[in-house]
1. When residues of segment 44-58 are filtered for being of a type in the set (Phe, Trp, Tyr) and either farther than 20 Å from Phe86 by Cβ or more than 7 Å from ligand 2 (Cβ to nearest atom) (or both), how many remain?
2. Looking at (1) farther than 13 Å from Leu20 by Cβ; (2) touching a residue at least 40 places away in the same chain (Cβ under 8 Å); (3) in a strand (DSSP E or B), which is the one condition that is false for Phe92?
3. Anything in segment 47-62 that is at pLDDT 95 or above and either within 8 Å of the chain's Cα centre (by Cα) or among the basic types (Lys, Arg) (or both)? List them, or say none.
4. For segment 60-75, how many residues are assigned to a helix (DSSP H, G or I) and near ligand 2 (Cβ under 9 Å from one of its atoms)?
5. Identify the residue in segment 76-93 that is more than 10 Å from ligand 2 (Cβ to nearest atom) and of a type in the set (Phe, Trp, Tyr) and, among all such residues, is farthest from Asp15 (Cα to Cα).
6. Select from segment 2-37 the residues that are more than 18 Å from Arg80 (Cα to Cα), within 16 Å of ligand 1 (Cβ to nearest atom) and not polar (S, T, N, Q) and write down the one among them that is nearest to the chain's Cα centre (by Cα).
7. Pull up segment 7-43, narrow it to residues that are under 20 Å from Leu63 (Cα atoms), assigned to a helix (DSSP H, G or I) and open to solvent by 90 Å² or more (accessible area, probe 1.4 Å), then point me to the one that is nearest to ligand 2 (Cβ to nearest atom).
8. Restricting attention to segment 73-87, which residues are open to solvent by 70 Å² or more (accessible area, probe 1.4 Å) and within 16 Å of ligand 1 (Cβ to nearest atom)?
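The values are calculated or read from the model by the stated rules, or taken from the named source; none is laboratory data. Everything numeric here is computed off the predicted structure, so don't read it as measured data. No Cβ is skipped: glycine too gets one built from the backbone with ideal geometry, and neighbour counts run over all protein chains shown. When the accessible area is computed, the model is the full protein with side chains, heavy atoms only, and any ligands, DNA or RNA have been set aside. Shrake-Rupley method; radii C 1.70, N 1.55, O 1.52, S 1.80 Å.
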Amino acid sequence: MKIEDKLYLDRFKPDEQSHLIIIDQEKCRTTCVAQNRPCTHFCPAQVYKWEEDKITVAFEGCLECGACRIGCPFSNIDWRYPRGGFGVQYKFG
Ligand code: SF4
Ligand code: SF4
């Protein structure tokens, strides 16, 4: 079974508010260009996307793996777990 198929088995109960906050969009827009905006590559759920002139955060699909907590070279992501009762529900397949 491919990883994409396994991820499809997961279920999500998204909160209304994001648990992942970009602290400084200007840093993404300018300083991080030289780093090739790694959050758009390392996130297994493709939560971060560069759209027009800013990073968008599709927090609803977050797998809570914690990679962005350490992967952003500028510590520019305020990472938290979702509030209790919300977030990913893993199923094994
Ligand atoms: S890796 Fe960090 S600084 Fe770079 S684009 Fe993503 S959030 Fe912004
Ligand atoms: S915690 Fe993992 S899945 Fe969630 S946004 Fe960060 S890298 Fe992506």
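1. Qualifying residue count for the region: 1.
2. That leaves (3) as the condition not met.
3. Val47, Tyr48, Lys49, Lys54, Val57, Ala58, Phe59, Cys62
4. Step one: filter segment 60-75 for residues assigned to a helix (DSSP H, G or I), giving 60-61, 67-71.
From what's left, near ligand 2 (Cβ under 9 Å from one of its atoms): 61, 67-69, 71.
Number satisfying all stated conditions: 5.
5. Among those residues, the one meeting the criterion is Phe92.
6. Per the criteria, the residue is Arg37.
7. Out of the qualifying residues, it is His41.
8. The answer is Ser75, Arg80.
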